[in-house]
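Structure first, then comments.
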Amino acid sequence: MIRLNAVIEIEGQAPRALAHESTAQAIILGRDGSADFQIPLSTISRQHARIAEADGLYVIEDLGSTHGTIVNGRKLAKGEKKVLKDGDIIELTKAKVKVSIETEKLIESVPGEGTKAIAARAVQGILGRLGEARSEGPYFRVLNGADEGTRFTMQGNFTEWNFGRSKDCEFVLNDPNVSRRHARVKKDWSGFIIEDLGSKNGVLVNEQLVKKSRRLKDRDEVTIGPVKAVYIDPDADLLRALEDVPGFKVEEPIEPESNGGEASVMGAPDDGGPASMDNPGTEGALPPPPMPGEGTLNQQPEADDDGLGDVEIDPELLAERQSKLPTEWIVIGLVTLLIAASVTLILAILT
């Protein structure tokens, strides 16, 4: 379930709040009465933005609004889709919306419960979900382009998978600005690593350029040329459940040398691709992205319609957003050893 809490600023009036909860697969934000989450401000378009849910992910996109949609301080480009996370802030001109995403907890806390009891319930919950999680390995879900909605699953005995335009790649992306062999995902004992294969348009993880390689974490956004995908690890919730066990500490694996700063134009050698419109001699190069603050569609200003009532405002909506770092998933062998040790502990207690 997703909950949207909006703070609305109206000139000459105190800030007001609106809230919307939904389990629907699509939510329209806008000023129009037909919108699922109606925010009656003249600066907001009738249908301003859409939030769609699939595979447990919530993805937002601007619907060609007059003033655009900003997520965590960055304006979405035309046609761009962005994965929302718990605590994200969406700005729609004079409305600021805080995102709260409710996920299933494997271990519910019980007041006064002892450490051994919590550990026992943790093992039971993990064992109950382990088989379910193993039904599908980590995968990439494409968010845009010709392959939107496609899943690329990393299963079997392989340890490497190539992204590219070539039919010889394990994960084929049908976009002329993707190199024939663009990026490679490698499996090791600590998880999965992505690396650039010298592509013309580069690889980004969470909007940061990958220079050599980068370890992947659950819900990372990976951009391969113009194609954006999200990396999903179905086992990540098992690790998150262990965080509730007293005394358990997750050791973060050492990151390989990787990314630099923000995305930039790349001049790395490419193995081939079509020439760009701006530079016919540059193979597979993309035009520069739109600068923040640029408009989208030329809509006419629309009449003001303040239909807000008196709603109690949540103090948290006015506070600064606290950034949250995603937890690094540990090796499969460590989880197996932890479960085995916990089961042994429980059997010793029971006997």
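Among 69-77, 167-175, sorting by the average number of other beta carbon atoms lying within 10 angstrom of each residue, highest first, gives 69-77, 167-175.
What's the magnitude of the charge dipole for the range 1-102 around its Cα centre, counting Lys and Arg as +1 and Asp and Glu as -1 at the beta-carbon? Answer in Debye, nearest 20. Show your work: numbers first, answer last.
Working: 14 positive and 14 negative charges, 61 e Å.
In total the dipole reaches around 300 debye.
Counting 0.36 nm for each residue step from THR23 to ASN206 and taking away their Cα separation leaves a gain of 63.3 nm.
Remark on SER42: its backbone amide H falls under 5 Å from those of ASP305, a criterion applied only to residues 5 or more positions apart or on other chains, H modelled at 1.01 Å from N.
Which of the peptides 190-201, 155-166, 80-91 is most tightly packed, and how do the rest follow, judged by the mean count of other Cβ atoms within 10 Å per residue? If you can, show how the numbers build up before the last one.
Working: 190-201: 20.8, 155-166: 15.3, 80-91: 18.2.
My ranking of the peptides, most packed first, is 190-201, 80-91, 155-166.
With a cut-off of 19 Å on the backbone N, the residues of the range 35-62 near the modelled label site 7 Å out from GLN13 along Cα-Cβ are 35, 37-46.
Computed from the C-beta positions of VAL172 and THR344, the FRET efficiency with R₀ = 45 Å rounds to 0.45.
Read-outs throughout are calculated quantities, based only on the coordinates presented, and are distinct from any laboratory measurement. Values in this document were obtained by computation on a predicted structure and should not be read as measured data. Cβ: placed from backbone, ideal geometry, glycine included. Neighbour counts: every protein chain shown.
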